[in-house]
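Student: Before we start, here is the structure in question, set down as structure tokens.
Every number here is computed from the coordinates shown, using simple stated rules; none is lab data. Since this is a predicted model, take the numbers as computed values, not measurements. With ideal geometry, Cβ positions are generated from the backbone for all residues, glycine too; neighbour counts draw on all protein chains shown.
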Amino acid sequence: VFYTATTFAQGSYAPAQENLEQRQKFQDMKFGLFIHWGIYSILGDGEWVMHNKHIPYDSYKRLAGFFTPQQFNAKEWVQFAKSAGMKYITITSRHHDGFSMFGTKFSPYNIVDATPYHKDPLMELARECEKEGIELHFYYSLLDWGRPDYAFGSEIRNGKPVKGDWDSYIQFMKNQLTELITKYRGVKGIWFDGDWERRNVNWHYDEIYGLIHRLNPAIMIGNNHHLAPKDGEDFQMFEKDLPGENHTGFSGDSKIGALPLETCETINGSWGFNINDNTFKSSKQIIHYLVGAAGRNANFLLNIGPMPNGKIQPEFTDTLAIVGKWMQKNSESIYDTRGSYVPPQPWGVITVKGKTQYVHIMQPQGNYIFIPGQKEKVSKAVLLSNSNTLKFKQLPEGVFIYTDGIAMDGVDTVIKLTVD
Ligand code: JFZ
């Protein structure tokens, strides 16, 4: 398939052909693993612990001396993602605490130089991902609580913090992003975050995005700024909200645009490891989120916070094993699909792949469901689970599908429609 640049053109950024192809691949993958892991994980109180507990930067820095994830095993993480049915991993390369979880020449405050571990887990992950056909994306924080050139807390005037050295900070980010893109072969995306902390500063996105796309035109750039997509971005993300929803209150400006969509959500209530968070979502809730995202034409990036020793807690592995089993039976209704033009219904959503439409009934309604505004003529309706045919009636205003007498699935009853 050939996608012209104008299909997605916005502003002055003209995505390269390999970028347009990557956007299709990105949308085909549908399900990814988000990982928040850093020296904050040691305290088991989330990735904001330094800020929330008012820990001075110089005290917080000592955590690096205790970071020895002896049980970290890239193979295990990649297999964990794969067996859950995930196709990509987005991991924190550097969060707001400013600690680099990768080997970098541009800051001594990194996992190779500042911890007794002395190894680069992101390099191991990159190699393993490439071997296993899993895509790797890097989360990268624009906000930095500790660097003197960023000068957290400084007043902003004329697009720059009054204190610090803004030019030096921007250059630092460019240097690190160059490392992340050129040294970690196979990286396919950069997930920016922290813009919202300094709304009136000049982030020099034109230069930063330009640099990334020069180094690798296929790289998918996304930014958790909760605003309309900016020139140079390749996908639009929604944090803790399905596209079109606004539960968090900060997706207010996030009108759905023309770019590929992604929504992220946590497996419990925390991004980074939180030893006191037992608000685990059920496998059913996670499957519903995934299906709900797919029906809204979006990827689902599900977050876990691994423990400081490098292990993933059993509550997460247990839940995702169930999700993986569901995917083994139902993934044809998820991968490579796009959301239907029929909006989400009280009973669920529809995903589309060519002449096949997958009707996902997540909230059974009684003896039938109604698909309003179904345009294409339906020639056949079968249950995905056993291929049994279902009765249906098509009217100009939509299609009735009769579900009486069929065994409804407790999670998601998938009906496969063949359309003309
Ligand atoms: C950010 C991070 O602060 C958080 O630690 C995590 O990495 C998450 C994925 O992203 O969280 C946000 C982002 C935006 C807002 C609030 C929290 N916001 O716009 O109010």
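Student: Just to be sure I understand: of the beta bridges DSSP finds with both ends in the range 82-169, what percent are antiparallel, rounded to 5?
Tutor: In the range 82-169, DSSP labels about 30 percent of beta bridges as antiparallel.
Student: Now, a different point. When the chain is treated as a GNM, springs tying every alpha-carbon pair under 10 Å, which of 120, 195, 318 comes out with the largest mean-square fluctuation?
Tutor: Most flexible of the set in this elastic network: 318.
Student: Ordered by packing density, taken as the mean number of other Cβ atoms within 10 Å over each peptide's residues, highest first, how do 56-64, 126-134, 344-352 rank?
Tutor: 344-352, 126-134, 56-64
Student: Could you name the lysines in cross-link range of residue 284, using Cα to Cα under 18 Å and dropping any fewer than eight places away on the same chain?
Tutor: 30, 240, 325, 329
Student: Report the extension gain between residue 418 and residue 377 in nm, rounded to one decimal, defined as 0.36 nm multiplied by the number of residues separating them, less their alpha carbon distance.
Tutor: Length gained, residue 418 through residue 377: 13.9 nm.
Student: What FRET efficiency comes out for the pair residue 328/residue 53, r = Cβ-Cβ distance, R0 = 45 Å, nearest 0.05?
Tutor: For residue 328 and residue 53, the calculated efficiency is 0.60.
Student: A further question follows. When you take every Cα atom in the range 38-154, what is the radius of gyration, and what is Dmax, the widest Cα pair distance, in Å?
Tutor: Every Cα atom of the range 38-154 included, Rg and Dmax give 14.9, 46 Å.
Student: Which length gain, in nm to one decimal place, applies between residue 318 and residue 167 when the Cα-Cα distance is subtracted from 0.36 nm times their residue separation?
Tutor: 49.7 nm
Student: Please compute the alpha carbon radius of gyration of the range 287-420, then divide it by the globular-protein estimate 2.2 N^0.38 Å. Two decimals is fine.
Tutor: 1.15
Student: Tell me, what is the FRET efficiency for residue 156 and residue 404 to the nearest 0.05, using R0 = 56 angstrom and their Cβ-Cβ distance as r?
Tutor: Here the calculated transfer efficiency is 0.35.
Student: With springs only between Cα atoms under 10 Å, which of 370, 235, 273 fluctuates most in a Gaussian network model of the chain?
Tutor: The residue that fluctuates most here is 370.
Student: Ordered by packing density, taken as the mean number of other Cβ atoms within 10 Å over each peptide's residues, highest first, how do 181-188, 258-265, 75-82 rank?
Tutor: 258-265, 75-82, 181-188
Student: What FRET efficiency do you get for residue 385 and residue 200 if R0 is 60 Å and r is their Cβ-Cβ distance, rounded to the nearest 0.05?
Tutor: Taking R0 as 60 Å, the efficiency between residue 385 and residue 200 is 0.65.
Student: Mind pulling up the Rg/Rh value for the chain? Radius of gyration and Kirkwood radius, both on Cα.
Tutor: Here the Rg-to-Rh quotient is 0.99.
Student: Need the full-extension length gain, residue 83 to residue 285, defined as separation in residues times 0.36 nm minus the C-alpha distance. One decimal, nm.
Tutor: Result: 70.9 nm gained on full extension.
Student: Related question: Can you give the calculated 222 nm mean residue ellipticity of the chain, where each DSSP H run of n ≥ 4 adds -39,500 (n - 2.57) and the sum is split over every residue, rounded to the nearest 500 deg cm²/dmol?
Tutor: Taking each H run of at least 4 residues, the total per residue is -7500 deg cm²/dmol.
Student: May I ask which residue of 297, 202, 184 lies farthest towards the positive end of the charge dipole of the chain, with charges of +1 (Lys, Arg) and -1 (Asp, Glu) on Cβ and the Cα centre as origin?
Tutor: It is 297, whose Cα lies furthest towards the positive end.
Student: Separation between the residue 16 and residue 178 pseudo-spin-labels, each 7 Å from Cα along Cα→Cβ, expressed in nm?
Tutor: Placing both labels 7 Å along Cα→Cβ, they lie 1.7 nm apart.
Student: Among the listed pairs 131/188; 75/119; 353/377; 53/105, which are separated by more than 19 Å between their Cα atoms?
Tutor: Violating the 19 Å Cα-Cα cut-off are 53/105.
Student: Another one. Considering only 33, 158, 101, whose Cα is most displaced toward the positive end of the charge dipole of the chain, charges sitting on Cβ of Lys, Arg (+1) and Asp, Glu (-1)?
Tutor: Farthest along the dipole direction, towards plus: 33.
Student: Taking K and R as +1 and D and E as -1, what net charge do the other residues with C-beta under 10 Å from the C-beta of residue 102 add up to?
Tutor: 0
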